[in-house]
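Notes to accompany the following structure.
The values are calculated or read from the model by the stated rules, or taken from the named source; none is laboratory data. Just so it is clear, the model here is predicted, and its values are computed rather than measured. As a convention, Cβ positions derive from the backbone with ideal geometry for all residues, glycine included, and neighbour counts pool all protein chains shown. For the accessible areas, the whole protein counts, side chains as well, though only heavy atoms, and no ligand, DNA or RNA atoms are used. Shrake-Rupley method; radii C 1.70, N 1.55, O 1.52, S 1.80 Å.
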Amino acid sequence: MTHSRASRFHRLKGSRGLMNSRKLEALDMLEPLREVRDGYLISLNIGTPPQVIQVYMDTGSDLAWVPCGNLSFDCINCDDYRTSNRITSTFSPSRSSSATRDLCTSSFCTDIHSSDNSYDPCAAAGCSLTTLVNGNCPRPCPTFSYTYGSGGLVMGALTRDVIRVHGSTSPNITRQISGFCFGCVGSTYREPIGIAGFGRGSLSLLSQLGLLRKGFSHCFLPFKYANNPNITSPLVIGDLAMASKDSLQLTPLLKSPMYPNSYYIGLKAISVCNSTSSTSIEVSLNLSEFDTDGNGGMLIDSGTTYTHLPKPIYSDLLSKIKSLMIMHPRAHDFENRTGFDLCYSLPCLNNSSSADDDNEPLPSLTFHFLGNVNLTLPKENYFYAMAAPSNLRVVKCFLIQIMDDEDYGPAAVFGSFQQQNVQVVYDLEEERIGFQPMECASSAASQGLHRT
């Protein structure tokens, strides 16, 4: 619990053309997401014969990339993952008969190099002036670098190959799509596991599958299922994801002039309540609109573990919670050990030693978004047990954090931990995001994603 993924939000210049690349055939998909301690993994089935690589599902970036090279893949500052044996398998392009390097003339190559001049990648590749002008240089796209808001960096080569996806009718039936473009990454800094970007840029998995005008939905399993191989949660892409939107609370997507490929929503207020008291924290306008430079809004990002709030709102929220929890002892040793700002020692009710009992005297927390959307979070989404119960008591810590860089880019981030046991639907046709609290494990079982 003390290790969280900071924002995967891609802070470089956004891809310009959402529609300038060839789109693959649109279809409905249902892909299983496997929960790990700091995110949700989707399996990419790439190559001939197939090689299956597990990567993070990330709504805060565009690029899909996989680690490449069995022994040559190098991850700097990834010791934490090595010691826990969490470095994932790698893709070997030499073992796929259908793998090819993307060309410097490709629009994907122009996008990955964030160039306004389509000739730049081929010029960097050493093409002659004649082939440059004629647009027929046969040289591959030069090596790219791609950075993330957390400080992560990856370097690699754009590659095309066959990808296989699961249809919506049966989890055992796959569909083969050629020409999928992804990063074949040989070295990274603090990025030990590949990433499938679900942003709205041309390089994203969603965009390449031709589903950018439809949408997707997910239902993240609660943390107690992390690393459980027997249950996964459903990621639904295409028309099927929109089937349940009539029962959702829908808030409008905001268009960021700075990051047009990312998903922003507007936060209006936060309510904190218990059985005897209720208080509302009004938030500043920059949580629901952008300034002249494009800063502001609340980024919804599956690549960030915990929700981050601006300092004034975060401090006010902590103060309100403390006033409602004054009768319960703080667990300062856990605060010092974990770095979380609020931890409490709470009784296991009814002489129960269960750390998952949701009946402790914790305040309820409701996020109020634009469009009169009121999302009351499950309590385990913001107060979570740090250790097994002892002497009929359990320590739970508050898992919302302060925003480090609120003056640049998003003013706040809505992270994946706070999205657990909530169906989240990205209705990209109508430019809306929907929320509905739901038991995601039950949803997974109903869709055949629970092995016994």
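Per residue, the stretch 216-294 exposes an accessible area of 42 Å² to a 1.4 Å probe, with every protein chain left in place. Spin-label model, Asn274/Asn134: points 7 Å from Cα along the beta carbon direction are separated by 7.8 nm.
For the stretch 40-157, the relative contact order comes to 18 percent (Cα pairs under 8 Å, sequence separation of at least 6). In the context of the full set of protein chains, residues of the stretch 46-168 present 43 Å² of accessible surface per residue (probe radius 1.4 Å, heavy atoms only). Dividing the helix sum by the residues of the chain, where each DSSP H run of 4 or more adds -39500 (n - 2.57), gives a mean residue ellipticity at 222 nm of -3000 deg cm²/dmol. What net charge do the residues around Leu30 carry, taking every other residue with its C-beta under 13 Å from that of Leu30, with Lys and Arg at +1 and Asp and Glu at -1? Taking every Cβ under 13 Å from that of Leu30, the sum is -2.
Rolling a 1.4 Å probe over the heavy atoms of the protein chains gives the stretch 171-215 an accessible area of 28 Å² per residue.
Cys residues of the chain that find no other Cys beta carbon under 4.7 Å: Cys181, Cys273, Cys348. For the chain, the relative contact order works out to 20 percent when only alpha carbon pairs closer than 8 Å and six or more residues apart are counted. For the chain, the Cα-based Rg and Dmax, in that order, read 22.5, 81 Å.
Using Cβ point charges alone (K and R +1, D and E -1), the dipole size of the chain about the Cα centre works out to roughly 860 debye. Apolar share of the accessible surface for the chain: 50 percent from carbon plus sulfur atoms, 1.4 Å probe.
Given R0 = 25 Å, the distance between the Cβ atoms of Gln54 and Ser247 translates into a calculated FRET efficiency of 0.20. The gain in end-to-end length when the Glu430 to Ser114 segment is fully stretched comes to 111.0 nm, 0.36 nm per residue minus the alpha carbon separation.
Near Gly126: Cβ cut-off under 13 Å, other residues only, Lys/Arg at +1 and Asp/Glu at -1. The net charge is 0.
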